[in-house]
Structure formats: structure tokens, C-alpha cells
Amino acid sequence: MNEVSGFALSSSLGLTLVVLFGIAWIAFGWYLGRANKTHEDFALAGRNVGFALAAATAMATWVTSNTTLVAPQLTYQFGVWGMVGYSFAALGLILFAPLAARIKRLMPNGYTSGDFIRLRYGRAAWWVFIIISVVYAFGWLVSLGMAGGILLEALSGLDYHIGMSAILLICVGYTLFGGLRAVIATDFIQALIIIVGVVLIAWFLIDTVSLESIHQEVKSNHPQLLDLLFPAAIMFLFNNIFFGLGEIFHSNVWWSRALAFKGKVAFKAYLLGGLLWLPIPIVTGFIALAAPQLGIFPPSADMVGPMVAAEVLGKIGAVVVFIVVFSALASSLDSLLAATSDLVTRDIYHKYLKPQASDQHLLRFNRYSILGLGIVTWLFCLPQIATLGALLNFAGAFVASTIFPVVLGLYQRKLTGTYAAAAMALGTLSGLVGYFTIGFYVAALLSCIVSAALCGFGLLTSQARFDWQQLNEKEEPTS
Amino acid sequence: MPKLDGLSIHIALLLLITLLARPAAAQQASTAAETQQNIDYQLTLSTERSREGYFVVAIDQAPQTKMVLQQSASADFSSVTAEFDWFGDFTEMTLTGFSDGEYYFRLKSVAGVSSNVVQLRVEHYSQWQAYSLFFIGFLLFSVLVVTLITLHVRTRRQEVA
């Protein structure tokens with residue numbers, strides 16, 4: 001630890017790492033992007049991603065600020081349940097495996113999750129869905145940008161705005177050049193870095209601060225963290241599961257991957273990605289339990305992970321933490337930029353504003369969208385409005401309302417667009433009421449309950465029989 | 001589409017600006033610490049009643065020296081039950097894992113440092129509220145998983161047939 005400032009890294013070393021990473025990732029993105037000739041190449045990597053890359057991108061994209069910063073935050077706030085409960089978010093990937101296989105079969109020519117909602121449920125539901133998607137995408141994008149700033153501030157004391165601006169700049173840069181192909185390739189490398197780095201940090205932590213001393217300190221001075229009947233933590237548990245399910249089931253980040261994966265790879269890739277992801281929040285969350293023993297009480301709960309790791313491992317450890325967390329943030333930020341720009345390009349611009357746009361025109365617009373999203377995200381990140389956990393769980397109120405409409409929409413012919421739209425809209429409203437009147441840890445649960453009830457009622461009363469062929473929308477040739 | 005060479009130059013320039021940007025005051029903050037005399041810090045809490053056992057303690061200005069936050073069960077601090085080192089030059093500290101009860105906090109009085117006393121009440125949600133939401137969540141999750149698996153298996157069978 002730096003004697004003068006109390007930070008593990010000097011600000012100049014922190015900045016040097018950012019610049020080196022930035023140059024490396026952007027150059028890699030440019031190199032991979034040379035193969036992109038059409039909009040389909042850029043947006044869906046030519047629909048030809050193999051099993052190894054597919055599983056790695058599923059896992060790495062799900063390892064994000066959530067896992068590396070919010071899992072320790074929630075462990076610091078909710079104790080053992082925060083850590084275990086967070087790992088249950090792996091269920092999102094695991095349960096999406098059959099959905100991904102179904103999506104690939106039903107929509108071999110599809111592009112986005114918005115396509116599905118529009119074709120399956122019609123315009124009204126599509127509008128509700130797009131609003132939910134945009135709120136969620138910005139919530140996640142902003143949380144990732146914020147996490148970059150928080151990371152650098154926690155490790156080097158560097159101003160939040162510099163770290164935040166740097167990570168956005170880097171991810172926009174290489175996504176702009178390389179599209180989904182670059183995103184998936186960098187995800188593969190980032191997944192390897194994350195797994196090795198997280199294991200190293202946990203190993204050194206247990207070696208330096210014994211499990212016994214951590215347990216004794218928490219038991220004596222922070223007993224609630226070890227209490228398995230901790231009320232707020234119990235309330236949080238299923239909320240987190242539904243939040244994770246809602247994030248994955250609705251988001252174009254995961255749909256675009258399902259559509260980009262080769263043949264029957266999607267099912268196996270999501271299943272393996274989920275199983276690989278499962279232990280990671282346990283490891284990252286455990287780090288937070290050592291904070292009291294080390295005398296670390298962070299200014300903001302979301303800074304606890306990097307602060308503890310840097311304290312235990314010193315300067316080299318801080319560099320490892322930086323590389324791991326920065327990789328995790330980048331692997332999600334790039335995916336989200338690519339997927340959201342696809343949604344804007346395909347669902348709003350192409351299908352709604354300019355149906356006659358040529359392939360090259362869409363490719364150009366897609367890149368402008370990435371740039372625009374980066375700038376808007378940067379503006380939202382400027383004021384540090386909430387902790388990462390609180391910000392993310394606000395989005396939980398929105399996304400959890402989509403779980404049942406998506407699942408039933410993929411398998412059930414009877415659910416109509418009216419009920420799907422009502423389920424998503426009223427579910428979201430209920431979740432927001434819960435968020436503001438009870439706490440962030442019930443928003444997704446309430447949202448999903450109301451949405452499920454409306455979908456159930458819709459199924460019971462409907463006589464509709466949806467024709468699955470309508471989902472296989474053929475592209476009109478454009479030049 | 002932005003031209004690649006122009007964009008590359010802009011990105012390189014922005015990275016350079018980032019590299020040259022002036023670091024936060026954090027690095028130089030506390031070296032002249034002991035020269036400050038009798039700073040009376042104003043302590044505040046993020047809430048007076050915590051339902052989750054965690055909360056944020058804030059001071060009104062960046063610390064000028066190493067500081068310690070003291071915790072007691074009584075307003076007169078006749079017995080200090082815990083002490084927490086203040087980290088770096090941050091103006092906030094998040095504490096966690098507190099059981100139900102009344103807690104008082106102040107900065108440890110040492111040369112040049114004093115503060116007001118703040119009071120916090122921790123009152124966790126009742127068990128019935130927590131269990132109700134837990135079992136509702138469990139039930140809903142079970143419904144979702146059973147629905148998904150049943151529909152998926154049935155659809156696969158139909159496709160094979």
C-alpha cells in the first residue's frame with residue numbers, strides 16, 4: 001500500500017495500465033474487424049461462432065461489474081447470502097440454454113430480441129419491450145462506465161471521471177472497428193484472464209488472511225453477515241435470481257449470441273457458460289468478508305472488492321485486480337454496446353424509420369449507433385448517482401417483467417400481444433413501486449409476480465393459436 | 001461511418017489527454033496533515049434507521065490526518081464497543097453487519113480532530129416479512145422452471161415426431 005495516499009497504485013501507474021490496455025484492445029478490434037464485409041458479419045459475426053468461443057463469450061459477458069464489484073458489494077451488505085445468492089444468477093445462463101436452442105430453430109434469419117417480440121406479439125408489446133430494453137441497456141452501460149471509474153479510484157485514488165471516460169473510450173473504440181466478431185474474440189481472452197486472476201486473488205487472500213481470523217472478526221463485530229436468517233438477505237435471494245433471469249431472457253446481448261452461434265452450439269454453450277460462471281461470485285464475494293479483519297471500511301460498498309484485494313496483495317495484486325476487473329468490464333461493455341446498437345439499427349431504424357436501407361447503409365448506421373451510445377452513456381455516468389448495486393437493481397424492476405412473456409412466447413401459441421404488453425407494463429410498474437417503497441432487493445420479484453399472474457390469466461382466457469412460421473421473417477434483398 | 005485513420009488519431013489523442021490528466025487531490029492529500037489544528041468534523045449518517053444493518057457515515061470535509069471512528073451503545077461513550085480506521089482521504093465510510101439496536105458514532109478525539117455524535121437505530125425487517133417474500137419467490141421460481149422444462153420437452157417431442 002502507498003504510504004502517503006493509502007492507495008495501492010500510484011495514479012500514473014493506473015493511467016499507464018489504462019492506456020496500454022486501451023491500445024491493445026483497440027488494435028485487436030481493428031485487426032478482427034477487417035473481415036467484416038456485410039451488416040450480418042458486423043452484427044452477428046456471420047452466424048458462424050463455434051463452441052469454444054461461444055461458451056467463453058457466454059461466461060465472460062456474464063462476468064461483469066456485477067460479478068467483480070457488485071458481488072463483493074452485496075456480500076459486504078448481506079453477508080453469506082449475498083455471496084451465495086449472487087452465484088444463483090448463473091441460473092439465468094443455464095435456463096437460457098433451451099431457449100437459445102429454440103430461438104435458433106424458430107428464427108434462423110432473426111437478428112434481435114426485438115424482432116421476436118414484434119413478430120410474436122405485435123407493435124404494442126414491442127413498444128413496451130423496447131422501452132424496457134433501452135432502460136436496462138442504459139442502466140447496465142452506465143453501471144459499467146461507473147465501475148471503471150470506481151475501480152481506478154479505489155486502486156489509485158485517480159479521479160472517478162478519468163477511469164470512467166477511459167473504459168468507455170476503449171470499448172467504443174474496438175467495438176466500432178470489430179463489431180460482434182471483435183467482441184466475441186476479446187471475450188475469449190478476457191474469460192481466460194478473469195478465471196486465472198480470480199483464482200489467484202482468492203488463493204493469496206486465504207494464504208495471507210486465514211479463514212479463522214476472518215470468521216472470528218465478522219462473528220464478533222458484524223454478526224449479521226453470518227446470520228442465515230438475515231431478513232433483508234432472505235428477501236434479496238429470489239429477487240436476484242429473477243433479476244438475472246430477466247436480464248438474460250430479454251436482452252439482445254444474449255439473443256444476438258444465440259443467433260450468431262453455429263448450428264446446435266447454443267444449448268451447450270450457454271449451459272457450460274453458466275456452470276463455469278457459478279463459482280466466480282462466490283470467490284469474488286468472499287473477498288469482501290475479509291474487509292473488517294483488514295480494517296477496510298470503504299467509502300462506497302461497491303469499492304470493497306478491489307480495495308481488499310489491493311490491500312492484501314500490494315502493488316502486484318492491485319495490478320492483477322486491475323487487469324481482471326478491467327477485462328470483466330470490457331467484456332460486458334463491448335457486448336452491450338454491440339447488442340444495443342444492433343437493436344437500435346435493426347428494430348428502430350431499419351424496421352421502423354428506413355425499411356429500404358441498404359446493407360452498407362445499415363452497417364454505417366450501426367457504427368454511428370455505437371458511437372452515439374458511448375457518448376450518451378458517458379453523459380449519464382458523469383454524475384455518480386447511486387451505488388452499482390442500487391442502480392442495477394433499479395433495472396431489475398423492468399427486466400423481470402419480461403421473463404414469462406418471453407418463455408411463453410417461445411413455446412405457447414395462446415398468449416396474445418395484449419396480455420404480453422400488459423404483463424410487461426404492469427409488472428414493471430409494480431417492481432418500481434416495490435423498489436421505492438421497500439427496497440432494491442424486492443423490485444425484480446414483485447415485477448415478475450405481477451407479470452406471471454397476468455400471463456397466466458391471459459393463457460386461461462385466450463383462444464388464439466399463433467403460427468410459428470410468422471417468426472421466420474425473410475429478409476428483402478437490398479444492395 | 002467515421003474514417004478509420006481520423007478516428008484512430010482522435011482515439012490516440014483522447015488517450016493522451018487521459019494520460020496527462022491531472023490526478024485527483026488524493027495523492028497529495030494528507031502530507032501536511034498534522035499542521036492543521038482543531039478541525040471539528042461534522043458527522044452525518046445516510047439514514048437514522050437502517051432496515052438492512054448497513055449504512056454510510058460521512059464527514060463534511062476530506063480528512064487531514066489519520067482518523068478513527070468510534071462506536072458505542074450509549075451517547076456518552078462510557079464504553080467504546082468498536083473502532084474503525086478511516087480510509088484514505090475519502091469523505092464517506094460504509095459500515096455493515098449490524099444487529100438490531102441503538103448505536104452512537106463519533107470521531108476519536110485526538111490532537112486536532114473532534115466531531116459531533118450521531119445516532120443510528122438498526123431495526124431489521126421482521127422474519128415473517130422476509131419468509132413471505134422468500135416462499136413467494138421460491139414458488140414462482142418453481143413454476144417457471146417446471147413450465148420451461150415441460151414446454152421444452154413437449155416441443156422437442158413434437159418436432160421429432
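Note on region B:51-73: residues that are over 26 Å from A:Pro231 (Cβ atoms) and outside any strand (DSSP E or B) total 8.
Of all positions in region A:308-316, none carries a residue that is in contact with a helix residue (DSSP H, G or I) (Cβ under 6 Å, 6 or more places away or on another chain), free of Cβ contacts under 8 Å to residues at least 40 places away in the same chain and among the β-branched types (Val, Ile, Thr).
Considering (1) within 7 Å of chain A (Cβ to nearest Cβ); (2) over 19 Å from A:Leu226 (Cβ atoms); (3) open to solvent by less than 40 Å² (accessible area, probe 1.4 Å), the lone condition that B:Asp89 does not fulfil carries the number (1).
Assess whether A:Gly22 counts as being in a helix (DSSP H, G or I), open to solvent by less than 10 Å² (accessible area, probe 1.4 Å), closer than 27 Å to A:Arg367 by Cα and at pLDDT 70 or above. In short, yes.
Looking only at residues in region B:92-124 that are in contact with a helix residue (DSSP H, G or I) (Cβ under 8 Å, 6 or more places away or on another chain) and among the β-branched types (Val, Ile, Thr), the one that is surrounded by the fewest Cβ atoms within 10 Å (Cβ to Cβ) is B:Thr94. Applying the set (1) over 24 Å from A:Pro292 (Cα atoms); (2) within 34 Å of the chain's Cα centre (by Cα); (3) at pLDDT 90 or above; (4) open to solvent by 30 Å² or more (accessible area, probe 1.4 Å) to B:Gln127 leaves exactly one unmet item: (3). Checked against (1) over 20 Å from A:Val406 (Cα atoms); (2) within 9 Å of chain A (Cβ to nearest Cβ), B:Val143 passes all but condition (1).
Just one of (1) of a type in the set (S, T, N, Q); (2) within 18 Å of A:Ala90 (Cβ to Cβ); (3) surrounded by fewer than 22 Cβ atoms within 10 Å (Cβ to Cβ) fails for A:Asn221. It is (2). The single condition from (1) open to solvent by less than 10 Å² (accessible area, probe 1.4 Å); (2) within 17 Å of A:Asp334 (Cα to Cα); (3) among the aromatic types (Phe, Trp, Tyr) that A:Tyr76 fails is (2). Please specify each residue of region A:69-90 satisfying the condition of being part of a helix (DSSP H, G or I) and under 19 Å from A:Leu245 (Cα atoms). A:Val70, A:Ala71, A:Leu74, A:Trp81, A:Gly82, A:Met83, A:Val84, A:Gly85, A:Tyr86, A:Ser87, A:Ala90, listed by residue number.
Of the helices (runs of 4 or more DSSP H) lying entirely inside region A:204-261, those containing at least 1 residues that are touching an Asp or Glu at 6+ places or on another chain (Cβ under 9 Å) span A:231-250, A:252-260.
Flag: B:Thr96 does not match the condition of being of a type outside the set (A, V, I, L, M, F, W, C), at pLDDT below 95 and out of contact with any Gly (no Cβ under 9 Å at 6 or more places or on another chain). Filtered by the rule that a residue be open to solvent by 10 Å² or more (accessible area, probe 1.4 Å) and either within 13 Å of A:Thr340 (Cα to Cα) or not in a helix (DSSP H, G or I) (or both), region A:111-129 gives A:Tyr111, A:Gly122.
The values are calculated or read from the model by the stated rules, or taken from the named source; none is laboratory data. Everything numeric here is computed off the predicted structure, so don't read it as measured data. Neighbour counts run over all protein chains shown; Cβ positions are idealised from the backbone, glycine included. Surface accessibility is based on the protein's heavy atoms, side chains included, excluding ligands, DNA and RNA. Shrake-Rupley method; radii C 1.70, N 1.55, O 1.52, S 1.80 Å.
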